[in-house]
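Notes for the one structure printed next.
The values are calculated or read from the model by the stated rules, or taken from the named source; none is laboratory data. Bear in mind that the values here come from a model prediction, so they are computed numbers and not experimental data. Here the Cβ positions follow ideal geometry from the backbone for every residue, glycine too, while neighbour counts run over all protein chains shown. Note: areas computed on protein heavy atoms with side chains; ligands, DNA, RNA excluded. Shrake-Rupley method; radii C 1.70, N 1.55, O 1.52, S 1.80 Å.
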Amino acid sequence: MKLCMIGAGYVGLVSGACFSDLGNEVICVDSDTNKINNLKNSIIPIYEPGLGELVKKNYKSGRLSFSTDLPSSIKKSNIIFICVGTPTKKNGIAADLTQIFNVSKELSHYINKFKIIITKSTVPVTTGDKVEKIISKKVKKKLFSVVSNPEFLREGEAIRDFIYPDRIVIGTQNKKTNKILKQLYSPLISKGAKYLNTSRRSAELIKYASNAFLATKITYINEIANMCEKLNVNVEDVSIGMGLDKRIGGRFLRAGPAYGGSCFPKDTRAILSTAKQIKSNLSLIKSVINSNENRTKILTERIYKILKGNLKNKKICFLGVTFKANTDDMRESSSLKMIPAILKKGALITYYDPTGEKKEFKKFKNIEFKNSIKAACVNSDLVIIHTEWNDFKSIDFKKIIKKKNFKLFDMRNIYSTEKMKADKINYFSIGR
Ligand code: UDX
């Protein structure tokens with residue numbers, strides 16, 4: 001089939017490359033000329049394991065192409081995926097749908113034959129109705145169909161999540177449209193993906209309700225971890241014990257720092273905003289947002305406590321600063337709050353991240369990026385493991401750190417408490 005992905009970002013580029021790898025003809029369109037030119041030279045704008053190879057292979061085969069020309073790309077395609085950003089509004093909690101509506105308006109000029117218009121970006125419930133209204137100002141209803149097909153891609157695992165999704169959710173009540181999309185996704189369905197056809201609004205809500213639930217699950221185990229620390233219980237034992245109950249499931253029960261990223265924080269706020277607009281009460285999600293924000297304060301307090309309340313001129317090393325491993329994404333990473341707070345207390349910070357130096361820290365004094373784990377750790381009083389990169393999983397701390405009585409705060413429970421005790425390392429972790 002001939003597809004057009006509007007927006008070549010985390011969603012559009014990954015989905016476009018994967019769809020082309022399934023044999024479809026895909027045009028990724030973006031208004032950013034620089035990004036499009038880079039993509040034509042296989043320079044990928046985002047860090048996503050395996051994406052570079054996938055783009056190169058399919059671009060070379062001619063199935064995948066890049067363009068800044070929206071009109072011709074729309075005209076050539078049968079299925080148009082809207083994959084533009086829906087960030088949280090500057091002074092509020094609602095999703096900013098400006099880009100969605102601008103693209104809907106623009107594409108309505110170029111619908112020359114029946115086209116399926118799909119919102120793949122995460123959009124609040126009823127957005128599809130508004131997109132349909134915008135397009136119908138210019139186009140007869142029988143010439144287009146607006147569908148919600150939310151993505152469930154995790155950064156760092158996006159290609160795997162696309163090829164092996166738990167479910168494909170298609171929000172449309174148009175039988176012809178549903179048949180076409182079932183055909184488009186048939187290679188994944190034959191690999192075992194569940195195909196769910198539902199109403200457009202249900203599909204929109206499934207996305208938000210799922211992300212808000214996952215954020216709740218993580219916040220839940222983080223609060224249980226706080227209890228474990230006071231009860232001398234290992235939260236990992238509790239997670240395993242809980243997860244053996246199939247109604248709970250073991251995934252997303254790893255205690256750690258506050259959750260971050262471009263989705264959970266944005267989507268929990270957006271669903272709250274929708275609830276407020278329709279006067280429905282989502283008190284649980286409100287408390288999840290507050291609890292997660294408070295978690296960063298709790299862990300920052302822990303850092304003070306580990307260094308006996310005096311951070312002045314103490315050398316603290318952060319291993320990993322992004323919101324999680326296998327990504328370069330700093331959006332809403334808990335390090336963005338922890339680091340300024342401890343700098344304010346007089347700490348001297350070095351950090352290493354496998355994805356390189358971060359512009360977010362350039363405006364601060366007394367923080368320095370180091371090109372290796374060793375260089376970042378060597379003079380530390382305290383090493384903080386902030387993300388669970390494989391690179392951090394077998395470090396010989398006693399060999400690389402000069403200070404005898406250094407401390408290690410493992411926020412991802414990568415190391416075993418027994419091993420750390422045996423190695424006589426002053427070790428702190430989460431919920432253990
Ligand atoms: C999430 C959803 O998982 C994905 O389905 C959706 O499409 C986009 O949002 P993403 O934000 O990329 O994906 O990352 P994810 O792996 O879900 O992690 C989100 C946050 O939760 C990270 O800060 C991560 O460190 C944290 N997390 C995740 C935990 O603290 N514990 C866990 O067990 C899992």
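Filtered by the rule that a residue be open to solvent by less than 20 Å² (accessible area, probe 1.4 Å), free of Cβ contacts under 8 Å to residues at least 40 places away in the same chain and in a loop (DSSP other than H, G, I, E, B), region 84-110 gives no residues. If you go through region 60-72 one residue at a time, do you hit one that is among the polar types (S, T, N, Q), part of a loop (DSSP other than H, G, I, E, B), modelled with pLDDT under 95 and more than 27 Å from GLN173 (Cβ to Cβ)? No, region 60-72 contains no residue that is among the polar types (S, T, N, Q), part of a loop (DSSP other than H, G, I, E, B), modelled with pLDDT under 95 and more than 27 Å from GLN173 (Cβ to Cβ). When PRO124 is tested against the conditions (1) more than 14 Å from the ligand (Cβ to nearest atom); (2) part of a loop (DSSP other than H, G, I, E, B); (3) open to solvent by 30 Å² or more (accessible area, probe 1.4 Å), the lone failure is (3). With respect to (1) more than 21 Å from MET330 (Cβ to Cβ); (2) open to solvent by 50 Å² or more (accessible area, probe 1.4 Å); (3) in contact (Cβ under 8 Å) with a residue 40 or more places away in the chain, the lone exception for VAL29 is condition (2). Quickly run through region 142-170 and pick out the residues that are assigned to a strand (DSSP E or B) and surrounded by fewer than 18 Cβ atoms within 10 Å (Cβ to Cβ). Answer for region 142-170, where residues must be assigned to a strand (DSSP E or B) and surrounded by fewer than 18 Cβ atoms within 10 Å (Cβ to Cβ): just ARG167. Annotation note: of LEU214, LEU153, LEU188, LEU205, the sole residue that is at pLDDT 95 or above, farther than 30 Å from ARG295 by Cα, within 23 Å of the chain's Cα centre (by Cα) and within 16 Å of the ligand (Cβ to nearest atom) is LEU188. Only a single item in (1) surrounded by fewer than 20 Cβ atoms within 10 Å (Cβ to Cβ); (2) of a type in the set (S, T, N, Q); (3) touching a Lys or Arg at 6+ places or on another chain (Cβ under 8 Å) is not met by SER262, and it is number (1). Would you check if there is a residue in region 234-245 being within 25 Å of SER121 (Cβ to Cβ) and either within 15 Å of the ligand (Cβ to nearest atom) or among the hydroxyl-bearing types (Ser, Thr, Tyr) (or both)? No.
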